[in-house]
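Here is the structure we will look at.
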Amino acid sequence: MKELLDFYLLAFTTLFSMVNPFSVMPVFVKFSDGLSKEQTKRLAKKGTLAAMIAMVFFALSGQMIFKFFSISLDSLRVVGGILFFINGFDMLQAKPVRTKDETDYEDDSQDASDMAVTPLGIPLLCGPGTITAVILMNQGATNLQSKGILYLAILSTSVIVLFMLLASKWIMEKLGEAGAKVLFRIMGLIVMVIAVEYFFTGLRNLLRIA
């Protein structure tokens with residue numbers, strides 16, 4: 001029971017840090033500017049659902065991708081560790097989300113639902129770092145119970161992110177720019193710690209095999 005709880009906490013912390021809703025909230029506020037309350041809710045729900053489906057898809061198909069390309073788990077741990085570290089370092093510097101130029105979304109005639117899947121769901125909420133994390137954790141889940149725990153972590157992360165997006169304007173007002181940057185940096189530090197763990201675990205196992 002303790003092992004499953006530990007795995008859930010690891011999976012949830014990793015996913016929540018990689019999704020990093022604090023970095024997406026300012027972009028969501030920009031996207032939802034001028035939308036009605038119902039349209040804003042629809043945008044948040046569609047975006048979060050798209051991200052959750054993407055995470056589940058890669059969790060389920062990760063093993064097939066491994067076999068098809070003959071990729072070892074430890075190789076992905078090393079590469080994933082490097083990717084996480086870069087993402088975490090960017091977050092530690094409180095750099096803005098890497099996305100399309102805001103002028104791409106200034107056309108009022110564009111349906112908000114067009115932005116729900118891309119870029120909100122993918123790649124803002126579910127980007128390369130999140131996909132890599134999901135695949136790695138799915139490979140580390142050795143039985144049905146731990147796999148179920150992983151999907152529970154995906155679900156709980158998605159639900160929390162949804163509520164945070166819906167309350168993004170209120171949260172941003174309460175936190176202020178300084179508070180948002182502090183949380184942004186804390187999550188970046190967490191991601192970097194996870195990155196180091198993944199990198200050296202994979203490297204140690206690869207050197208042992210060699």
Notebook entry, point to check: Name the residues in segment 86-95 that are more than 14 Å from the chain's Cα centre (by Cα) and surrounded by 15 or more Cβ atoms within 10 Å (Cβ to Cβ), would you?
Noted result: F89, D90, L92, A94
Note to self: Checking the structure you have, find out if any residue of segment 91-107 is modelled with pLDDT of 90 or more and not in a loop (DSSP other than H, G, I, E, B).
What the structure shows: no
Note to self: Which pairs turn up if I take residues in segment 26-39 that are in a loop (DSSP other than H, G, I, E, B) and look for partners that are surrounded by 13 or more Cβ atoms within 10 Å (Cβ to Cβ) and modelled with pLDDT under 90 with beta carbon separation below 6 Å, at least 6 apart in sequence or on another chain?
What the structure shows: L35/A112
Notebook entry, point to check: Of all residues in segment 61-73 being without any contact (Cβ under 8 Å) to a residue 60 or more places away in the chain and of a type in the set (A, V, I, L, M), which is surrounded by the fewest Cβ atoms within 10 Å (Cβ to Cβ)?
Noted result: M64
Margin query: Kindly evaluate E173 against the criterion of being touching a residue at least 12 places away in the same chain (Cβ under 8 Å), assigned to a helix (DSSP H, G or I) and of a type in the set (D, E).
Written below: no
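Condition test on V27, is it touching a Phe, Trp or Tyr at 6+ places or on another chain (Cβ under 7 Å) and of a type in the set (V, I, T)? Spell out the reasoning first.
Working: touching a Phe, Trp or Tyr at 6+ places or on another chain (Cβ under 7 Å): no; of a type in the set (V, I, T): yes.
When the stated conditions are applied, V27 does not pass them.
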Next item on the list: Residues being farther than 11 Å from T132 by Cβ and surrounded by fewer than 17 Cβ atoms within 10 Å (Cβ to Cβ): count how many of those fall in segment 74-83.
Entry: 1
Next item on the list: Please give the number of the condition L152 fails out of (1) in contact (Cβ under 8 Å) with a residue 60 or more places away in the chain; (2) under 18 Å from M91 (Cβ atoms); (3) hydrophobic (A, V, I, L, M, F, W, C); (4) out of contact with any Gly (no Cβ under 9 Å at 6 or more places or on another chain).
Entry: (2)
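The values are calculated or read from the model by the stated rules, or taken from the named source; none is laboratory data. None of these values were measured; they are calculated from a predicted model. All Cβ positions, even for glycine, are placed from backbone atoms using ideal geometry, and neighbour counts span all protein chains on display.
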